[in-house]
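Participant: Please find one structure pasted underneath; my questions will follow.
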Amino acid sequence: MSPHPLEKASPTRAEWGCGSPRKAVTTWLDVLIMIRRLVRRTLTLLLLVVLALGVLRTKTGLRLPRSARWATSRTVPTRPAGTRVLVDPATVWVDDGDTIRITWPDAPRETVRILGIDAPEIGHRSDPTVGDQPYGRESLEFARRHILGAGRLELLRAAHHDRFLRTLGYLFVDGVNYSTLAVENHMAECTIERFGDSGFPREAAEVRDAERRAGPPPFESPARFRKRAMPVPQAPRILR
């Protein structure tokens with residue numbers, strides 16, 4: 001018997017299932033298209049950032065110092081802080097009046113920026129644009145004589161590093177705070193007022209006392225010398 005004209009035939013099993021696979025495929029295609037668009041936009045944004053940094057560096061001469069570029073490519077090893085550590089003077093290299101390098105037999109080499117002082121600058125081959133500051137060579141020789149000639153050399157590390165990831169610490173030459181020796185002999189200026197005690201109030205007070213006994217140093221502040229000697233970045237010339 002033929003169905004009534006107003007009645008609808010029930011959908012078959014094949015008709016029920018024919019739309020589902022197509023809808024699933026369409027949904028996955030939409031997801032893939034969205035992912036591709038997101039990846040494309042992310043890559044475009046990264047490219048714009050790189051181009052912007054390149055333009056900024058070209059126009060302003062912005063560049064990390066050599067020591068900063070070296071430091072950021074390495075991880076800082078964990079070393080004991082807050083306690084004095086014996087150092088063999090034979091393993092020490094003196095860079096200038098306030099910086100040394102220690103070659104440890106069982107650990108990576110360590111660069112130490114001596115706390116409490118700022119010594120006159122000396123010219124380095126890594127930066128030929130900056131020459132020697134007056135008293136710079138004298139400060140270097142003073143440091144070599146006392147540090148390398150110490151009968152007992154100790155290092156007291158701070159818990160933090162400087163912006164170049166160098167160790168910050170006090171040196172003790174035969175039990176005497178080296179920073180006080182440098183300030184008393186006009187081989188460095190005191191920096192306690194500028195940077196604080198770095199977690200060592202007693203040692204910082206010793207340097208301040210040495211500053212009062214010694215009076216003003218006979219050289220320009222190394223910080224002002226560095227700022228004055230730093231070349232001013234030139235804007236790129238525009239070809240016409």
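Bear in mind that the values in this text are calculations on the coordinates, not laboratory data. What you are looking at is a predicted structure, and each value in this text was computed from that prediction instead of being measured. Glycine also receives a Cβ, built like all others from the backbone with ideal geometry; neighbour counts cover every protein chain displayed.
Participant: Which value in nm describes the separation of the simple spin-label points at Asp162 and Thr78, placed 7 Å from the Cα toward the beta carbon?
Facilitator: According to this spin-label approximation, the distance is 2.6 nm.
Participant: Compute the distance in nm between two label points, each set 7 Å from the Cα along the Cα-to-Cβ direction, one at Arg226 and one at Leu86.
Facilitator: So the two model labels end up 3.4 nm from each other.
Participant: Got a sec? How would Glu141, Glu206, Glu121 order by Cβ neighbour count within 10 Å, fewest to most?
Facilitator: Sorted ascending by nearby Cβ count, the order is Glu141, Glu206, Glu121.
Participant: Compute the Rg/Rh shape ratio of the range 78-229: radius of gyration over Kirkwood radius, all on alpha-carbon atoms.
Facilitator: 0.94
Participant: Can you list residues from other chains, or at least 5 along the same chain, whose modelled amide H is less than 5 Å from the amide H of Ile117?
Facilitator: Thr191
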